[in-house]
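Here the structure comes first, spelled out in structure tokens, and everything after it is commentary.
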Amino acid sequence: MPVRLFYLLLSLCFSASVLAANAGYSFSDNKPIDSSRFEQRQLYKELIYLIKTNQQTKYRAREKQLQNYPLYPYLEYTNKIQRISRQSEADIIAFAEQYRDTPLSSRLIQRYLYSLASQGHWKKFINHYDQTIASRKNTCHYAFALAKTDQLEQAMALASQLWLVEYSQPDACDPIFKRWRDAGQLTTEMAWQRYNLAINNNEITLANYISRFLSKADRNLANNLKQLRRKPNNITHTNRFKNTDEKTQSVILYGLKRLARKDPATAIDTLNKYLITHTFNKSMLTDTSLYIAKKLASRVETAHLVKQINLDLSGDQKLVETQIRSSLRQLDWHEATKHINQLAEHTRLTDRWQYWQARSAMTSTDLDRQQTAAQTYQRLAKKRSFYGFMAADYLGLAYNFEDENFTPPREEILDLQATPGIQRALEFYALEQRTNARREWNFTAKDFSSREYRIAASVAKNWGWHEQAIQATISAQAWNDLDIRFPLAFYDDFVGSARKADIPVDWSLAVARQESAFMPDAKSSAGALGIMQLLLSTAKSTAGKAKLANPSKRSLTRPEINIRLGTAYLGRMLRRFDNNRALASAAYNAGPTRVSTWQDDTLPIDVWVETIPFKETRSYVINVLVFSAIYSRKLNQHSPFLYDHERILLPTYSPPDIVPSLNIPGTNNS
């Protein structure tokens, strides 16, 4: 049967019971909401509008109608910050005290402090400043307030702390920094330290700003640093860096790190040349040597050069793990075993390295080692994990999902749902103000017990608030509550889109679960949006190819649009990578161009996944495959963990009570 047809049949063959159970979510555990609640929500939005348009008379005439509404404190808060400069100190303190069990108390204090700073009321500012909740902006104001109230020693000490960071501080720091510099507190040494911090954090704009405070000699070194950032090969010209002072040392080591990113072999060769003429700070040298060693070990062609490093780095667990993966990529099972044995015991006994120790042992001609490995597989097969499912496949055993769902008593659900903070969170959720909803929920839940988190998860589940339900089970460490951790969220959208894209619906659900935990308004630091975390450029490209409407950033937060485009893009990746979900998942996370360079048809799929160069992508692929298996079971599909066409080059073993066959493909040694 063609693979694409197979996927299509899978997406169609869902049981009637699953369809019935997930046609919508139940509110059976919720108190009924009568029409007055909907009227209150409408009035709340109207009153917020009146506040923001300065219609105070109309607001005051109607606000008493909502005094018993859960979000009434937010009306008062919005009214106070809209007119913050007119608020008396007593009013601010009274509000903060009255609503100290909400996020509003500290938020109002922060806004009040901004207002006091803008008006120059520095004594009042100091009286209300609390460093445990202070924003960076208010910390800057606080330092200036200390200076303005003649507490100069404290002010200068805090200014120094604010200065020596690797990022730009807010403009609010400018006055205290000027006062600090005018007092002669900024030394050329401190300027050099911050310049280094900025360069190493890739804050080039900040580094350019800091350069004006450097000494003439340090400016030359700073120019060298900037050049090495762009042209790391310059560090191979050792005659340019003859000085042996500590600053020159730091420039040399920075350049070697930059060079190691593209050419670790040349980097180690150059480092050894510098070691003849320079005596480096031991800590800095070890740090750089480790960095180069990891880059060397991560490449098959340079892994053997780690031995050229004249330091004992064997105690670094991350380096050992990199060496294990390098050995695996070469299918050098003997070397992989040697490095696994170098791991600390607690690391070696994790599922991951137990699996690879057994996998390596199965290539041995030693029957005792093989039998021990088979026993390890049997132990692993009891686990719900990538390695557990792989072991179960090898032994022909059923997967163990370790499913332990929890249904709290209805009374406990109603009691927790009735708490004011949860009521406010659910109201914001109903109003589609998700940021406020999360803020209220998280503030209320911060001191929950494990049981309360599990009850909260049930409350969120009943409301269809999937990401909060998932987060609550994580906070409770209820790892086996698969019913809540893996909801069939936006079910109809996923089924319809998966059919159109001709991909397994369990896989698309797994990707969405990994990407955002089904959060419609999720936004990553890179600008990826929505449930399936799409970049706008990717979404537009996919829409064009699929002949769909051109999306906007706003539309990508609509679940149906985001899911349609995300699954369409998944379909493209699946077909580009020969219907291999592991490769296609990696491409969805790291981009198809990178995955094309990583692709190696000579490697078994488990080795390929384990040796993905990016840790984030490696974890991503492992999670997506495991999540797919969980969703397949929830949909009553019971698909294999890996399909036959994905299992090429994987060894097949006999049942666990029989000594495994020695005819194992995918090896180059015995």
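The values are calculated or read from the model by the stated rules, or taken from the named source; none is laboratory data. The structure presented is a predicted model; accordingly, all values stated were derived computationally and were not measured. Neighbour counts are summed over all protein chains in view; Cβ atoms, including those assigned to glycine, are modelled from backbone coordinates with ideal geometry. Ligands, DNA and RNA are stripped out before the accessible areas are found, and what is left, the full protein with its side chains, is counted by its heavy atoms. Shrake-Rupley method; radii C 1.70, N 1.55, O 1.52, S 1.80 Å.
Some points to look at:
- Residue tally, condition touching an Asp or Glu at 6+ places or on another chain (Cβ under 8 Å) and open to solvent by less than 40 Å² (accessible area, probe 1.4 Å), over region 423-436: 3
- Output for region 479-507, where each listed residue is closer than 29 Å to residue 428 by Cα, open to solvent by less than 10 Å² (accessible area, probe 1.4 Å) and out of contact with any Asp or Glu (no Cβ under 7 Å at 6 or more places or on another chain): 484, 486, 489, 494
- Some residue of region 378-389 being more than 30 Å from residue 631 (Cβ to Cβ), open to solvent by less than 50 Å² (accessible area, probe 1.4 Å) and not hydroxyl-bearing (Ser, Thr, Tyr): no
Here is a yes/no grid of residues against (1) of a type in the set (Phe, Trp, Tyr); (2) at pLDDT 95 or above:
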| residue | (1), (2) |
| --- | --- |
| 185 | no, yes |
| 192 | yes, yes |
| 195 | yes, yes |
| 200 | no, no |
| 210 | no, yes |
| 222 | no, yes |
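- Scanning region 314-347 for residues that are open to solvent by 60 Å² or more (accessible area, probe 1.4 Å) and farther than 17 Å from residue 606 by Cα returns 314, 315, 318, 334, 338, 341, 342, 345, 346.
- Any hit, region 144-157, residues being in contact (Cβ under 8 Å) with a residue 40 or more places away in the chain and of a type outside the set (Lys, Arg): no
- Scanning region 266-284 for residues that are among the hydrophobic types (A, V, I, L, M, F, W, C) and buried (at least 19 other Cβ atoms within 10 Å of the Cβ) gives 267, 268, 271, 280.
- Single residue of 649, 642, 603, 662 found to be assigned to a loop (DSSP other than H, G, I, E, B), modelled with pLDDT under 95 and under 19 Å from residue 578 (Cα atoms): 649
- Scanning region 129-174 for residues that are over 21 Å from residue 92 (Cβ atoms) and of a type in the set (Ser, Thr, Tyr) yields 160, 167, 168.
- Index of the failed condition, residue 225 passing every other in (1) outside any helix (DSSP H, G or I); (2) closer than 17 Å to residue 255 by Cβ: (1)
- In region 103-133, of all residues being among the polar types (S, T, N, Q) and touching a Phe, Trp or Tyr at 6+ places or on another chain (Cβ under 8 Å), the one that is surrounded by the most Cβ atoms within 10 Å (Cβ to Cβ) corresponds to 105.
- Check on residue 647, in contact with an Asp or Glu (Cβ under 9 Å, 6 or more places away or on another chain) and within 27 Å of residue 480 (Cβ to Cβ): no
- Complete set of residues in region 161-181 that are surrounded by 15 or more Cβ atoms within 10 Å (Cβ to Cβ), within 33 Å of the chain's Cα centre (by Cα) and of a type in the set (Phe, Trp, Tyr): 163
- The helices (runs of 4 or more DSSP H) found wholly in region 279-362 and carrying at least 2 residues that are among the hydroxyl-bearing types (Ser, Thr, Tyr) occupy 282-297, 317-329, 351-361.
- Looking across region 516-539 at every residue that is of a type in the set (Gly, Ala, Ser) and out of contact with any helix residue (DSSP H, G or I) (no Cβ under 6 Å at 6 or more places or on another chain), the one that is surrounded by the most Cβ atoms within 10 Å (Cβ to Cβ) is identified as 516.
- Here is the figure for region 606-639: residues that are part of a helix (DSSP H, G or I) and either modelled with pLDDT under 95 or acidic (Asp, Glu) (or both) total 3.
- Yes/no for residue 608 being in contact with a Pro (Cβ under 8 Å, 6 or more places away or on another chain), of a type in the set (Phe, Trp, Tyr) and in contact (Cβ under 8 Å) with a residue 12 or more places away in the chain: no
- Condition check for residue 352: open to solvent by 10 Å² or more (accessible area, probe 1.4 Å), charged (D, E, K, R) and closer than 19 Å to residue 331 by Cβ: yes
- Flag if residue 413 is β-branched (Val, Ile, Thr), touching a residue at least 40 places away in the same chain (Cβ under 8 Å) and part of a helix (DSSP H, G or I): yes
- In region 576-600, the residues that are assigned to a helix (DSSP H, G or I), open to solvent by 10 Å² or more (accessible area, probe 1.4 Å) and either in contact with a Cys (Cβ under 8 Å, 6 or more places away or on another chain) or in contact (Cβ under 8 Å) with a residue 60 or more places away in the chain (or both): 588
- Test result for residue 202, closer than 30 Å to residue 255 by Cβ, open to solvent by 80 Å² or more (accessible area, probe 1.4 Å) and over 37 Å from the mean Cα position of the chain (by Cα): no
- Here the condition is being of a type in the set (Lys, Arg), touching a residue at least 40 places away in the same chain (Cβ under 8 Å), under 20 Å from residue 497 (Cα atoms) and open to solvent by 70 Å² or more (accessible area, probe 1.4 Å); of 564, 572, it holds for 564 alone.
- When 542, 617 are screened for being over 30 Å from residue 324 (Cβ atoms), among the β-branched types (Val, Ile, Thr), touching a residue at least 24 places away in the same chain (Cβ under 8 Å) and crowded, with 20+ Cβ neighbours inside 10 Å, only 542 passes.
- Consider region 290-304 and keep the residues that are over 18 Å from residue 332 (Cα atoms) and crowded, with 22+ Cβ neighbours inside 10 Å. The one that is nearest to the chain's Cα centre (by Cα) is 295.
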